[in-house]
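Beneath this line is the structure, given in structure tokens, with notes to follow.
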Amino acid sequence: MFEFWTIRKRRKRLNEVKKHVRALLHNDDDILSEKQKRRLDELIIEASSIDPKDGLKVNGFLTQAPERLQAAVPRKRFALLREYLDVIAVAMMVAFGIRALYLQPFKIPTGSMQPTLFGIHYVQAKVFPNLPGPLDYMLFSARRAQAEIKDAGTWDVDSTTHFNSFFSSDTGFKIGDTFYRLPGTPNEVLVYTGLYEMRDQYRFNPGEKLCDGWLMLGDHLFVDRVSYHFSGLHRGDVIVFNTEDILYQGNKLGGYYYIKRLIGLPGDTLKIVDRQVWVKPRGAATFKPITFYHPVFTKIYAGKGGYHGHLATDRATYLTADGLTFTVPEDSYFAMGDNSINSLDSRYWGVVPRRNIVGKGFFVFWPFTRRWGLVDFPAPLDVPTSMQNGFPSMTLQ
């Protein structure tokens, strides 16, 4: 009986050697030389030919096998590090595959979706916790924008320089003999400092504050590129689309990707009455308020937290006044920004062709504000929307 178990144990150890060598041949087939493969095959053949009953021969082979394996396939330097790098490389390939097929990162460029989603904007009051500057950026995508005039002079327009890198975008310029550098593109900096309006006519004096606030770099979110192909698009969805072949007053739209809220489906007839959209779907006899079709519109008409409804404006091309209607053509969608007072949307340039749809806003992954998480999830802040000269105050975070 004892001899039976001894033989069984020897056979098992021989099989383990063969299994290990076969796995090595399979996993490294593309990097092993023909000579190395022959030496490994010899190990397998020899292990198969040994009789497990011959204890002396089995023990001799098992003693020599590790050395012979090391000689055939020398262990590479930093082997453990290589293995970790292989795992990281595979993980990155999977991540990029998911990104290409399902989720696409997207940065909100403008304030047209405020207060649902925020684009790049400047705030004077700090609306997030007092933290060291690097944490302001890492957690809240905010960069300090502060400049005090050092010496008298005017803005030297020709000195304006754009510094663009992977991590930041800055603009430099001279006033008097001092060179200043602030976060943002030239257009953003010239607007929040007021230089655009002052041009080169205003003479600054030492001690004047050019700016003293923070440039918020906009919400970053993942776009779901797949699910709408199966579940369809619905009124109220936040959609991302490209602007290819969409023209306004004969010109291409600025920026290749836009994000808006879907208002009208193919066949819908739309109108705006008292800052609220009414919809008559294809085949329906009467109009109904859009809140009937999706509860998300309730917060847009709440009149608080920065929401102010949808505006009919004579500056637009469609829905230019209360009660005027527009019917959405086939394979097209009508999209509007939640900040409709300050949104260049379908009221101006028309419909979004279905082929232009990229996907639906899914998850805000940065910054870590109250909007972090599923798109459209937060309720409006319980603060009445402040209207100044007919425009809402949009500084709420």
Residue satisfying all of: in region 241-257; without any contact (Cβ under 8 Å) to a residue 40 or more places away in the chain and under 23 Å from the mean Cα position of the chain (by Cα); farthest from TYR348 (Cα to Cα) among these: TYR256
Here's a check for you: in region 190-208, which residue that is surrounded by fewer than 12 Cβ atoms within 10 Å (Cβ to Cβ) and at pLDDT 90 or above is nearest to ASP177 (Cα to Cα)? ASN205
In this structure, is GLY306 outside any strand (DSSP E or B), buried (at least 21 other Cβ atoms within 10 Å of the Cβ), assigned by TED's automatic domain parsing to the domain that holds VAL364 and touching a Pro at 6+ places or on another chain (Cβ under 6 Å)? yes
Residue under evaluation ILE7, criteria (1) in contact (Cβ under 8 Å) with a residue 24 or more places away in the chain; (2) out of contact with any Lys or Arg (no Cβ under 9 Å at 6 or more places or on another chain); (3) of a type in the set (Val, Ile, Thr), criterion not met: (2)
Among residues of region 33-58, those that are out of contact with any Lys or Arg (no Cβ under 8 Å at 6 or more places or on another chain), among the polar types (S, T, N, Q) and either within 14 Å of ASN15 (Cα to Cα) or loosely packed, with under 13 Cβ neighbours inside 10 Å (or both), counted: 2
Here, strands (runs of 3 or more DSSP E) confined to region 167-232 with at least 2 residues that are at negative phi and in contact (Cβ under 8 Å) with a residue 40 or more places away in the chain are 209-217, 220-224
Exactly one of ASP237, ASP224 is within 25 Å of the chain's Cα centre (by Cα), at pLDDT below 95 and crowded, with 16+ Cβ neighbours inside 10 Å, and that residue is ASP224
Determine the pairs where a residue that is in contact (Cβ under 8 Å) with a residue 60 or more places away in the chain and under 15 Å from ALA316 (Cβ atoms), located within region 328-344, has a partner that is acidic (Asp, Glu) and surrounded by 17 or more Cβ atoms within 10 Å (Cβ to Cβ) with Cβ atoms under 8 Å apart, the partner being 6 or more residues away or on another chain. PHE334/ASP268; ALA335/ASP345; MET336/ASP345; GLY337/ASP345
Output the number of residues of region 136-159 satisfying the condition of being assigned to a strand (DSSP E or B) and in contact (Cβ under 8 Å) with a residue 12 or more places away in the chain. 13
Selection status of ARG355, modelled with pLDDT of 90 or more, within 26 Å of ALA316 (Cα to Cα), touching a strand residue (DSSP E or B) at 6+ places or on another chain (Cβ under 7 Å) and in the same structural domain as THR325 (by TED's automatic domain parsing): no
In region 267-296, which residues are touching a residue at least 60 places away in the same chain (Cβ under 8 Å), buried (at least 18 other Cβ atoms within 10 Å of the Cβ) and closer than 27 Å to TYR248 by Cα? ASP268, LEU270
Just for region 135-185: of the residues that are surrounded by fewer than 13 Cβ atoms within 10 Å (Cβ to Cβ) and under 17 Å from HIS220 (Cβ atoms), which one is modelled with the highest pLDDT? SER168
Of the conditions (1) under 24 Å from the mean Cα position of the chain (by Cα); (2) under 19 Å from ASN187 (Cβ atoms); (3) not basic (Lys, Arg), MET138 clears all except one; give me its number. (2)
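The values are calculated or read from the model by the stated rules, or taken from the named source; none is laboratory data. This one's a predicted model, so the numbers in the text were calculated from it and none came from an experiment. Using ideal geometry, Cβ is built from the backbone for each residue, glycine included, and neighbour counts are taken over all protein chains shown.
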